[in-house]
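**Student:** Once you've had a glance at the structure underneath, I'll fire off some questions.
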Amino acid sequence: MVAGAVALLVAVLPAEESGIAVTRSATVGVDRSPAVAAAAVRAAVPLGGLEVPDPLALDSGGRVTSVRQWEQQRRPQLLEAFQDNVYGTSLPAPTKMTFSEDSSGGGGSAKKVTITVTGPEGTASFTLRLFTPSSGKPKGTFLLIDHRGSVGDDPGSGGYAPVSTITGDGYALAALNADEVAPDDAGSYRNGVIDAFYPAGQDLPADAGRTISAWAWGASRAMDYLQTDPDVDPSKVAVIGHSRGGKAALWAGAQDPRFPVVISNNSGSTGAKLARRDSSGESISAINSQFPHWFPETYKRFDGNAAALPVDQNELLALIAPGRVVVASAADDGNADPQGEFLSYLGAAPVYELYGLGETGLSSANWPPATGKGFRGPGMSYHLRSGGHGLEDSDWQIYLGSNLFTR
Ligand code: GCU
């Protein structure tokens, strides 16, 4: 439904900006650094009163018109641009990886898996806890990038990781202990997987991924494990993260097409939020100064200069296509800029449209949509919860109740 998707995108724009016609970005000034030069030649589209890079515009000029062209040309270009400018280069595949399962302890159907990875400089281990329904194969598995380390061996029923609610509904929860993958600390973040690949005592290259990139990489290693576990269906795994974990979930899902569902819960800046809304909620310079270990040095070039980014976060969401992208915001979560997350969601739709999945499910492209309601298209899902920052029961009720693993 090409017309439907385009109409929806356009409907959010002021009249003078309507029309999906490609325009040239005029936002770039005198800086001729490579990133800025790239932005100068990329076509832009109007979105929410801003000019954002068009996900379908090719670096060489011209515009993607087919799935084949998207997958073979544009998608690799965009992934590279996100590595070069935002998240940094990802760790390579481990030279060796082992899984050790312990099913003895823990409540419910817990299985504790230790994933040990080896790189050229050493080894690192991290834990994945798997909870499955008491009978039958799960309808799907939620792989939670648990940056709070709050999922222990005993399942809880409410809030951030309501294990018994999830398993009671017939789903599995796999909780990845993110802090073991890479500690969330500027002084020690390399002490997990990163130093298995880089010589300790030497600075990381300026463009090497840091904590968020390592967490995303860890989610892919967890997926490697899930592919070997007969208790789950590896073709039905949703990677989910809240806030900083949501940034990592999106980056994991953008890179790893094995995730058919990717859930961003309140991921905000450098997550689902449109980067060009830099002055709404947390800015790029604020996130880089408060959390200097999350992103590479190369991202810091865009402190106070979001317009020079050759990508924007609607393009990150678009990289998940044809997998289901799920964006969840909270109305009072000003730091995460819920409206900026909503705009990114709309701005990803043209790529889903290539696959015939461009219906966003929203009843209107006007901000704000109704709170507490799950909107669902064949490849995209969205909800806005009332209240503030958090992954809460009411978010889970929507995730569990909206058939995320079917079209
Ligand atoms: C901080 C940070 C956000 C992050 C959040 C969280 O508020 O500014 O970028 O998403 O922590 O992880 O809860």
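Each reported figure results from applying straightforward, stated rules to the coordinates on display, with no laboratory input. None of the values given here were measured: they were computed from a predicted structure. Using ideal geometry, Cβ is built from the backbone for each residue, glycine included, and neighbour counts are taken over all protein chains shown.
**Student:** Looking only at the stretch 157-207, count every residue that is farther than 28 Å from residue 118 by Cα and either in contact with a Cys (Cβ under 9 Å, 6 or more places away or on another chain) or of a type in the set (Phe, Trp, Tyr) (or both) and tell me the total.
**Tutor:** 2
**Student:** On to the next question. So is residue 194 β-branched (Val, Ile, Thr), surrounded by 24 or more Cβ atoms within 10 Å (Cβ to Cβ) and under 15 Å from residue 148 (Cβ atoms) or not?
**Tutor:** Considered against the rule, which asks whether it is β-branched (Val, Ile, Thr), surrounded by 24 or more Cβ atoms within 10 Å (Cβ to Cβ) and under 15 Å from residue 148 (Cβ atoms), residue 194 comes out as no.
**Student:** Would you tally the residues in the stretch 214-251 being within 22 Å of residue 327 (Cβ to Cβ), more than 9 Å from the chain's Cα centre (by Cα) and among the β-branched types (Val, Ile, Thr)?
**Tutor:** 1
**Student:** How about the stretch 166-184: which of its residues are touching a residue at least 60 places away in the same chain (Cβ under 8 Å), part of a loop (DSSP other than H, G, I, E, B) and over 25 Å from residue 122 (Cβ atoms)?
**Tutor:** 169, 171
**Student:** Among the residues of the stretch 360-407, which ones are in a loop (DSSP other than H, G, I, E, B) and among the hydroxyl-bearing types (Ser, Thr, Tyr)?
**Tutor:** 360, 363, 364, 371, 386, 402, 406
**Student:** OK, next. Consider the stretch 188-202. How many of its residues are in contact (Cβ under 8 Å) with a residue 12 or more places away in the chain and more than 21 Å from residue 216 (Cβ to Cβ)?
**Tutor:** So the answer is 2.
**Student:** A follow-up question, please. Looking at 246, 209, 187, can you tell me which residue is more than 18 Å from residue 160 (Cβ to Cβ) and crowded, with 21+ Cβ neighbours inside 10 Å?
**Tutor:** Criteria check complete, one pass: 209.
**Student:** If you scan the stretch 252-305, which residues turn out to be away from the ligand (no atom under 11 Å from the Cβ), among the small types (Gly, Ala, Ser), more than 11 Å from the chain's Cα centre (by Cα) and in a helix (DSSP H, G or I)?
**Tutor:** Hit for the stretch 252-305 is 285, nothing else.
**Student:** Using the structure shown, decide if residue 246 is near the ligand (Cβ under 10 Å from one of its atoms), assigned to a helix (DSSP H, G or I) and over 25 Å from residue 98 (Cβ atoms).
**Tutor:** yes
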